[in-house]
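Trainee: I have a structure I would like to understand better, so I am pasting it below and will then ask my questions one at a time.
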Amino acid sequence: MNLNPASHYPNQSKSSPFRSAHSPGSSQVNDINPLARDPPETLIVNVRKFVNDYGFGEELRYFEKGALAALDPSRTEDIEGLEPYELDALRKERSDRWHLPRAFWFTIMFNSIAAAIQGWDQTGTNGANLTWPRAFGVSNMEWIIGFVNCMPYLTIFLFSGWISDPLSHRFGRKKVIFGAAICSLIAPLVSGTTQNWGQLTGTRVVLGLGMGLKEAIVPVFTSEISPKNIRGTTVMSWQFFTAAGIFLGTVVNLALFNQGENAWRYQIGSAFIPAVPVLAVLFCPESPRWLMSKGRYPEAYRSLCRLRSTRLQAARELYYIHCQMKDNTIYTHVLNAASGANMFIRFKELFTIPRLRRATQASGIVMFVQQISGINIIAFYSSTIFMLSGWPLENSLGASLGFGAINVLGAIPAFLLIDRDHVGRRKLLLWTLPPMAIWILLAGLTYLISADSQAHLALVATFIFLYAAFYSWGPGPVAFTYSAEAFPQSHREIGMAFSIATNNFWGTVISLTFPRQVVAWGIPGTFGFYAAMNVVAFLMVYLWLPETNNKSLEGLFFSSSF
């Protein structure tokens with residue numbers, strides 16, 4: 001039997017079917033495509049050994065053709081023996097990148113609803129902040145109000161973000177998301193029955209447990225099941241649907257604000273609603289990359305068959321991931337970590353292995369940038385901010401509704417740009433941070449205008465909305481997208497845990513200190529501070545953030561950017 005891959009290409013020389021397009025010895029191919037590192041004549045031999053080792057004998061044809069397709073994706077038309085439907089599916093990867101099976105889109109849908117929970121949870125407190133402090137007799141105690149508001153983020157920073165690593169490492173992605181949905185279902189319901197601020201704080205600890213697990217795992221899960229040419233778009237669904245949750249929560253706040261002294265209970269309690277459908281995530285396919293990291297290759301193949309249009313594409317991706325994961329493991333000398341070393345070893349390696357250290361630095365930067373931009377002072381306290389500008393309660397809630405709508409609509413440019421070759425993640429941040437600094441500074445300065453002036457009220461809303469619009473296609477979608485793809489498989493859980501902890505540490509600081517900042521500096525001084533922080537964030541991105549756009553998760557490991 002002929003094992004030379006050139007024989008599968010009727011119009012190619014047998015010596016090297018792809019040499020005219022790429023030299024197998026070139027550094028570009030060596031860095032990106034492990035299939036091209038060895039002489040092409042050995043490709044089919046290696047594939048057949050892989051098939052025998054992992055028990056895929058009946059699928060040999062798919063793995064042979066899939067490996068050839070992975071060797072040079074631009075030459076798939078030349079592969080001999082492809083069925084018409086297979087060739088059509090490969091063509092659609094270029095012409096219609098959204099053509100994927102229902103199982104893939106259902107999984108993305110449930111992950112997106114999980115993100116909506118985060119936004120709804122934030123906004124429920126936003127509206128309730130206007131009344132629950134009075135109900136519990138702490139209206140003039142800024143530190144207590146800040147403490148209650150920051151408790152979910154403090155919980156994520158200290159606990160739930162970190163336990164996401166051992167839990168997802170052992171149980172997989174979808175089971176952990178299911179557990180997080182349970183927490184997100186129970187906590188809001190119990191919050192609505194609390195009788196003092198201490199009890200409310202306790203329920204927000206449970207809420208933080210669910211939020212931390214979702215934040216750490218959902219973007220990773222989405223990135224691991226997505227093709228590289230749409231990965232940025234699908235992972236940014238986290239931010240888009242978080243914004244959608246903020247909007248829906250604001251709608252509920254506005255609908256319930258006149259329900260008397262118990263309005264805040266309904267506003268907080270309503271956040272259980274989106275948690276219900278997320279329970280169905282158990283019926284979705286598991287992450288193939290997680291299954292492969294556990295040596296469960298047959299299950300990973302079955303999962304990929306549900307997530308891709310043809311068995312050929314599933315086999316191609318499985319073999320390609322296998323080769324790149326093997327290279328990652330050899331390069332970092334972390335075979336034990338990939339197969340089950342404890343989280344403390346993996347955490348230490350985030351700072352001791354150069355490639356991982358660079359990913360840790362970059363992910364820490366994008367998470368810091370997202371929080372220090374100041375968006376969450378608006379998300380957590382927008383109703384309070386608008387009331388301080390002189391708006392009555394109902395109008396303040398209405399303005400918060402506008403903020404939520406802008407957050408959703410503002411993400412649309414990111415959907416169009418984040419996976420473009422000439423744009424990507426880094427440029428979205430560089431394009432949006434300077435305008436954000438300008439808009440939040442101007443919003444603060446408008447508070448120097450008399451509150452009786454109609455211009456004052458209109459300008460406050462206008463500048464805050466413009467600020468939110470730029471955030472929604474910059475720091476908003478980029479932070480979680482970037483962090484979810486920056487780390488190799490062996491350290492993806494602990495890397496994302498570190499990223500989430502960083503994000504929520506600064507979220508805790510911001511939500512805890514904002515009430516006191518307003519008392520000490522006023523709105524102009526507070527907004528001016530965050531304008532300066534946006535300038536600092538721009539400089540950090542410009543100096544230290546590499547691009548990750550349009551590279552496979554495993555291929556990023558050998559990217560020259562890292």
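Trainee: Quick one: which residue in Ala362, Ala341 is at pLDDT below 95 and either under 30 Å from Thr526 (Cβ atoms) or in contact with a helix residue (DSSP H, G or I) (Cβ under 7 Å, 6 or more places away or on another chain) (or both)?
Mentor: Ala362
Trainee: Answer with yes or no whether Ala537 is surrounded by fewer than 24 Cβ atoms within 10 Å (Cβ to Cβ) and small (Gly, Ala, Ser).
Mentor: In short, no.
Trainee: So, one more: Could you say which residue among Leu409, Leu430 is more than 18 Å from Thr123 (Cβ to Cβ), over 17 Å from the mean Cα position of the chain (by Cα) and in contact (Cβ under 8 Å) with a residue 60 or more places away in the chain?
Mentor: Leu430
Trainee: Could you tell me whether Glu299 is part of a helix (DSSP H, G or I), of a type in the set (Asp, Glu), within 23 Å of the chain's Cα centre (by Cα) and over 30 Å from Leu207 (Cβ atoms)?
Mentor: Taking the combined requirement at face value, the residue does not satisfy it.
Trainee: So is Tyr301 at pLDDT 95 or above and aromatic (Phe, Trp, Tyr) or not?
Mentor: So Tyr301 fits the description; yes.
Yes or no, residue by residue, for (1) surrounded by 23 or more Cβ atoms within 10 Å (Cβ to Cβ); (2) out of contact with any strand residue (DSSP E or B) (no Cβ under 7 Å at 6 or more places or on another chain); (3) at pLDDT 95 or above; (4) not in a helix (DSSP H, G or I):
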{"position": "Gly119", "(1), (2), (3), (4)": "yes, yes, no, no"}
{"position": "Gly124", "(1), (2), (3), (4)": "yes, yes, no, no"}
{"position": "Leu158", "(1), (2), (3), (4)": "no, yes, no, no"}
{"position": "Asp165", "(1), (2), (3), (4)": "yes, yes, no, no"}
{"position": "Val176", "(1), (2), (3), (4)": "yes, yes, yes, no"}
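Trainee: Something else about it: Could you check region 70-116 and list, in sequence order, the residues that are under 30 Å from Ile177 (Cα atoms), at pLDDT 90 or above and in contact with a Lys or Arg (Cβ under 8 Å, 6 or more places away or on another chain)?
Mentor: Within region 70-116, Leu100, Pro101, Ala103, Phe104, Ala114, Ala115 qualify.
Trainee: Pairs needed: first member in region 130-149, among the acidic types (Asp, Glu); second member anywhere, buried (at least 17 other Cβ atoms within 10 Å of the Cβ); C-beta distance under 6 Å; at least 6 residues apart or different chains.
Mentor: Here the result reads Glu142/Pro515, each pair linking region 130-149 to a residue that is buried (at least 17 other Cβ atoms within 10 Å of the Cβ).
Trainee: For region 510-525, which positions are more than 11 Å from Asn149 (Cα to Cα) and in contact (Cβ under 8 Å) with a residue 12 or more places away in the chain?
Mentor: Arg516, Gln517, Val518, Val519, Gly522, Ile523, Pro524, Gly525
Trainee: Got a sec? Which of Ser139, Ser112, Ser74, Ser95 is more than 22 Å from Asp419 (Cβ to Cβ) and among the polar types (S, T, N, Q)?
Mentor: None of the other options fit; the residue is Ser139.
Trainee: Can you say whether Ile108 is closer than 25 Å to Phe368 by Cα and of a type in the set (Val, Ile, Thr), as far as the supplied structure shows?
Mentor: no
Trainee: Okay, moving on. Look through region 510-534, keep the residues that are of a type in the set (Ser, Thr, Tyr) and at pLDDT below 90, and return whichever of them is surrounded by the fewest Cβ atoms within 10 Å (Cβ to Cβ).
Mentor: Restricting to residues being of a type in the set (Ser, Thr, Tyr) and at pLDDT below 90, the top hit is Thr513.
Trainee: Residue check: is Val206 in a helix (DSSP H, G or I) and either crowded, with 24+ Cβ neighbours inside 10 Å or aromatic (Phe, Trp, Tyr) (or both)?
Mentor: No; evaluated as a whole, the condition is false for this residue.
Trainee: So, in region 178-195, how many residues would count as being assigned to a loop (DSSP other than H, G, I, E, B) and more than 20 Å from Thr123 (Cα to Cα)?
Mentor: So the count comes out to 1.
Trainee: Let me ask something additional. If I filter region 131-156 down to residues being of a type in the set (Ser, Thr, Tyr) and outside any loop (DSSP other than H, G, I, E, B), which single residue comes out as surrounded by the most Cβ atoms within 10 Å (Cβ to Cβ)?
Mentor: Within region 131-156, the match that is surrounded by the most Cβ atoms within 10 Å (Cβ to Cβ) is Tyr153.
Trainee: Here's another thing I want to ask about it. What single numbered condition from (1) among the small types (Gly, Ala, Ser); (2) touching a residue at least 12 places away in the same chain (Cβ under 8 Å); (3) not assigned by TED's automatic domain parsing to the domain that holds Ser396 fails to hold for Ser95?
Mentor: (2)
Trainee: Okay, moving on. Please determine, by comparing only the residues of region 250-276 that are assigned to a helix (DSSP H, G or I) and touching a Phe, Trp or Tyr at 6+ places or on another chain (Cβ under 7 Å), which one is nearest to Lys175 (Cα to Cα).
Mentor: The residue in question is Ala271.
Trainee: Can I ask one more? Report, by residue number, each residue of region 387-417 that is modelled with pLDDT of 80 or more and either not assigned by TED's automatic domain parsing to the domain that holds Gly249 or not in a helix (DSSP H, G or I) (or both).
Mentor: Gly410, Ala411
Trainee: Please find, within region 215-250, the residue that is farthest from Leu291 (Cα to Cα) out of those that are of a type in the set (S, T, N, Q) and in contact with a Gly (Cβ under 8 Å, 6 or more places away or on another chain).
Mentor: Once the filter is applied, the top-ranked residue is Thr250.
The values are calculated or read from the model by the stated rules, or taken from the named source; none is laboratory data. Remember, it's a predicted structure, so these values are computed and weren't measured experimentally. Don't worry about glycine lacking a Cβ; one is built from the backbone with ideal geometry, like all the others, and counts go over all protein chains shown.
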